[in-house]
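Undergrad: Shown below is the structure under consideration.
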Amino acid sequence: MKALRNSLIILLIGLLASTHCIGQNEVMPIGFFAPEFSEGNTIYLYNPEASKPEISGLEKPIDSITLKKLGYNMVIDTAPSWFKPAFNKLDYGIFYIGVKRLGSEYVEIIANEETGKTTYMKRHTGEFVSWEEFLLSIHSVEFDSEGQKVYDHWKVKSAGRVYDRNTFFRPKYIEGDWMEVEILDSNFRSTGKTGWIRWRKDGKLLIRYNLLS
């Protein structure tokens with residue numbers, strides 16, 4: 001599963017648009033769910049909160065997603081009309097769904113990124129990828145608005161430094177809502193400097209992330 005997760009992230013970096021962000025007015029998913037998929041596999045969707053406690057673990061699915069091979073590529077064969085996950089590029093092995101809640105048996109997924117509609121998948125049918133793992137795997141990040149600052153360390157009180165919006169940062173370490181970064185120039189070349197930036201606040205993303213250089 002770890003190898004599958006790493007492969008998905010690498011492919012995601014190489015295929016999607018170079019810059020992406022969740023708007024600051026939107027609540028972030030807590031991470032992503034990468035379901036296992038193969039030809040002929042059926043991914044079931046559930047609503048365990050509507051099930052009776054005495055039949056826990058034997059819940060009937062409310063819907064499903066089926067997969068098939070089309071030429072050399074894997075594609076979704078059938079799915080609910082409202083199913084619009086975060087990243088769906090099965091022909092390149094990419095299938096990431098935003099996660100609202102992570103449970104011991106189920107994962108509440110954001111099944112429609114446009115409407116915020118959620119449903120559930122069994123947790124053992126895939127792997128959870130945290131924001132920290134995702135951000136440490138991408139090429140670089142940048143500020144989402146003017147006036148955001150770079151600090152020597154988030155635990156040390158200082159005025160901070162304001163950088164041009166064309167400055168990019170390569171994630172090195174993440175500690176809570178703060179990220180230690182290598183500072184890059186507008187051509188993604190290292191400046192030899194490092195610092196700390198705040199990447200999240202009150203459940204809102206404060207950065208854009210660049211999947212490609």
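Every read-out reported here was derived from the displayed coordinates using simple, explicitly stated rules and does not represent laboratory data. In this text the structure is predicted, and so the values were computed from the model without any measurement. A quick note on method: Cβ atoms are made from the backbone with ideal geometry, for glycine too, and the neighbour counts reach across all protein chains shown.
Undergrad: With r defined as the distance between the Cβ atoms of Ser130 and Asp202 and R0 fixed at 25 Å, what FRET efficiency is calculated, to the nearest 0.05? Write out the running numbers ahead of the final one.
TA: Details: r = 18 Å, r/R0 = 0.73.
With R0 = 25 Å, the Cβ-Cβ based efficiency is 0.85.
Undergrad: Based on the alpha-carbon gyration tensor of the range 47-177 and its eigenvalue square roots a ≥ b ≥ c, which shape applies: rounded if a/c is under 1.5, prolate if not and a/b is larger than b/c, or oblate? Before the final figure, lay out each step's value.
TA: On the way: a/c = 2.86, a/b = 1.81, b/c = 1.58.
Prolate shape, in that a/c is at least 1.5 and a/b is the bigger ratio.
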